[in-house]
1. If you stretched the chain out fully between residue 284 and residue 118, how much longer would it get, using 0.36 nm times the residue separation minus the C-alpha to C-alpha distance?
2. Give, as ranges by residue number, the residues of segment 533-548 whose backbone N falls under 13 Å from the point 7 Å along Cα→Cβ of residue 524.
3. Match the structure shown to one of the listed values (i) 72, 24, 21; (ii) 66, 42, 18; (iii) 51, 27, 24 of semi-axes √(5λ) of the Cα gyration tensor in Å, computed from it, and give that label.
4. Could you list 41, 254, 486 so that the one with the fewest beta carbons within 10 Å of its beta carbon is first and the one with the most is last?
5. From the residues 146, 528, 199, which one has its Cα farthest along the dipole of the chain in the positive direction, the dipole being from +1 and -1 charges on Cβ of Lys/Arg and Asp/Glu about the Cα centre?
6. Per DSSP helix of 4 or more residues, -39500 (n - 2.57); summed, then divided by the residues of the chain. What does that give at 222 nm, rounded to the nearest 500?
7. Could you pull out the trypsin sites (Lys or Arg not before Pro) across segment 361-437 that fall in loop regions by DSSP (anything but H, G, I, E, B) with no more than 13 other Cβ atoms inside 10 Å?
8. Name the residue from 281, 346, 120 whose Cα lies farthest towards the positive end of the charge dipole of the chain, charges +1 on Cβ of Lys and Arg and -1 on Cβ of Asp and Glu.
Amino acid sequence: MSQLPEQEAPGVKAPEQGSTAPKGARPIRMWPAVAIVVAYYVTLIVSLSMPTLMGNMIGVVLAPMAIGLLLPIWWLTASRAAIRERLIGAVLYAGVLVWVVKSQPANGERLLQIASPVLVTSIVLTLLVTGRLPWQVRRWTVVVVMLLCAIFFPLLRVVSVGGNLEPILAWRWSPSSEDLIAQARSKSSAGPGEKAVLPPQIGPLDWPAFRGPARDGRLFGTRFSTDWTARPPKELWRRPVGLGFSAFTVVGNYIFTQEQRHADEFVVCYRADSGAEVWLNHVTARFDDATGSGPRATPTYEDGKLYTLGATGVLQCLDAASGDVLWKRSLTEDAHAERPQWGFASSPLITGNLAVVFAGGKGGKGVIAYDRTSGNIVWSAGDGTHGYSSAQLAAIDGVSQMLMVSNFGVQSFVPETGALLWEHRWEVKMNPRVVQPLVTEASVLIGTAEGKGTRQLQLARADDHWNVQEKWTTRSFRPYFNDYVYDKGCCYGFDGNMLCCMDAATGENRWKGPKLGGQVLLLADMEVLLVLSESGDVVLVKAAPDAFHEIARFKALTGKTWNHPVVARGKLFVRNDSEAACYELPL
């Protein structure tokens with residue numbers, strides 16, 4: 001940090017040549033600065049070993065803020081530098097951080113999560129390494145280090161934020177996924193315009209909705225070889241895709257998803273065998289946040305129609321063969337609701353002649369059911385005003401019902417009318433509910449991130465009255481946006497980002513595996529879990545309660561991957577917010 005020589009005080013002996021102390025001052029007190037840096041890295045290591053979002057928040061968000069603030073406090077109050085030098089150094093330091101933030105088109109404060117620790121560590125190490133040099137050399141070396149940081153960090157851009165809240169960076173000049181799509185389409189001689197030739201009925205090997213036909217992440221009727229050392233999955237195609245966390249819907253030889261491409265939200269139909277675009281539907285709308293931009297919800301297919309919900313609340317019914325709009329609604333208008341902090345994420349549920357979505361409106365407009373032919377509102381109900389889950393059909397004690405999880409807790413409705421059957425209040429304020437409710441024989445599990453954990457509700461019906469009791473609540477199974485699956489008395493899913501197995505009867509953990517993050521499918525006939533990890537690995541794990549057993553894995557995608565994997569017609573379809581790929585599974 002810059003230091004200008006001061007007048008020697010009367011009676012003070014000038015330091016000898018080569019002294020490390022500023023002229024007329026005592027040596028710089030370094031131990032507090034060293035302690036700040038050491039404390040930061042210890043906190044980072046400990047917090048990243050924790051599976052939950054709060055642990056990551058401490059290490060990846062709060063610790064960088066703390067080290068960024070503590071260094072100038074040390075410099076101004078305890079460094080022993082001359083007053084003028086302290087002020088000049090603090091101004092230079094603050095100027096570098098402000099410049100780093102302002103250099104970013106968006107999410108500049110996220111770049112500080114990396115820039116602050118690097119800048120502070122560089123300054124402290126420079127002062128330590130140059131400890132035997134004259135002060136004039138030391139101070140100008142620190143100034144050069146700060147200038148280098150001011151030059152380097154603006155060369156980066158924050159693409160998004162990972163599940164551990166750490167910013168994902170790319171070079172500023174590297175093309176975005178949206179740019180890559182535009183380049184790929186400009187080089188292709190073929191373009192959208194053809195129609196999809198869809199089968200007259202959904203087949204047993206199709207994947208027509210979010211998390212499968214029953215929306216529970218379980219796949220039946222499929223087997224393939226798990227010896228991937230000898231015969232790994234064969235890549236059939238790979239292509240760039242737009243931003244978003246939507247998964248694939250698969251019907252016949254066609255797949256559907258949602259993407260953000262610059263200023264427009266797109267619903268896209270691709271050929272399953274080649275990845276070629278068939279048709280595009282778009283609305284001018286864009287949702288951005290630090291975790292990632294674009295649509296969140298997965299399209300739902302029913303009777304030749306596709307039902308989609310964009311992140312800004314545009315609900316559409318499309319002709320699945322052509323992408324033509326049959327009807328369109330706005331949730332913010334229909335529910336008189338604000339757009340949620342993380343965008344609308346409810347994948348439409350089709351039941352009877354209704355299309356049902358979570359809307360988050362007040363005054364009984366938490367859930368809205370539309371006539372799926374006309375788009376007219378049939379009923380609205382529910383007290384949830386915040387949430388990212390989707391409506392879930394269930395049969396409990398022989399009664400067909402529709403469950404909706406939200407910040408309220410969970411409510412059950414008659415699908416045809418929206419009449420309330422039962423409810424359980426379990427409010428959340430800080431961490432939103434995202435995962436689907438899990439239904440077993442006569443119980444419902446509600447998963448919540450962080451301190452709330454997972455709760456099992458036991459249900460019993462006497463005539464028209466439902467008795468709902470809390471059976472157990474555990475804080476050792478805390479799913480955030482990572483859905484879980486049920487098999488033979490066990491739940492397989494994520495405690496934070498750590499894969500684990502929980503006894504569904506007691507809530508006790510049977511085992512905890514590695515930090516994979518991502519999403520999981522149950523291949524029921526094979527008794528195998530297929531995990532698409534946050535880093536893009538596909539991992540096969542034995543669905544057994546005794547211990548974690550990894551069977552095989554391979555690298556399927558590059559970059560942060562939060563989208564659900566899909567297995568349909570002997571193929572594995574995966575995507576994230578930059579690329580999609582299809583693999584043929586070995587027999």
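1. Gain on extension, residue 284 to residue 118, equals 55.8 nm.
2. Hits in segment 533-548 for residue 524 at 13 Å: none.
3. (iii)
4. Details: 41 14, 254 22, 486 19.
Placing the least packed residue first, the sequence is 41, 486, 254.
5. Result: 146, furthest along the dipole toward the positive end.
6. -6000 deg cm²/dmol
7. Taking segment 361-437 and a limit of 13 other Cβ atoms within 10 Å, the loop trypsin sites (Lys or Arg not before Pro) found are 362, 429.
8. 120
Throughout, read-outs are computed from the coordinates displayed, never taken from laboratory work. Given the structure is predicted, the values throughout are model-derived calculations rather than measurements. Cβ coordinates were reconstructed from backbone atoms using ideal geometry, including for glycine residues, and neighbour counts include every protein chain displayed.
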